[in-house]
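All of the numbers you see were taken from the coordinates with simple rules; none came from a lab. This one's a predicted model, so the numbers in the text were calculated from it and none came from an experiment.
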Amino acid sequence: MTNVRIKIPPAEWRYGFAQLAPQPNRPASAFALAAITLEDAHIGNCRIAIGACTPIPCRLPALEDWLSGRRASISCGDDLVEIVAAAVRQQGSGSEPYIEHLAVVATTRAIAQALEC
């Protein structure tokens, strides 16, 4: 490798990360990353990704679209749960309900952390 370029995001972005592991120092069962901008107490742009609960980490564009424009508060409503669970089912082969639940919990925590910044 001779060169690496990293685009530094603007200062208005807020970030959150959540990881769920069965025990300390064990591989994660699910993790989520959230990057969010706020505009007048509403979510502007957002990028949400999950991993470990899917064969490869993936973004959740349906959730990003659903969150954009909503008030900047996180509540684990049925819509959020179904969007995340559907993404896990789509990516995974034969995912278990508990894996979908872990993905929802990690995603909710990452979003909440990003909103607290």
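Quick notes on this structure:
- Checking each residue of region 95-105 against the condition of being among the β-branched types (Val, Ile, Thr) and under 11 Å from the mean Cα position of the chain (by Cα) gives at least one match.
Yes/no per residue for (1) of a type in the set (Ser, Thr, Tyr); (2) within 18 Å of Pro27 (Cα to Cα):
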| residue | (1), (2) |
| --- | --- |
| Glu64 | no, no |
| Ser68 | yes, no |
| Ser75 | yes, no |
| Glu82 | no, no |
| Ala86 | no, no |
| Glu100 | no, yes |
| Ala106 | no, yes |
| Ile111 | no, no |
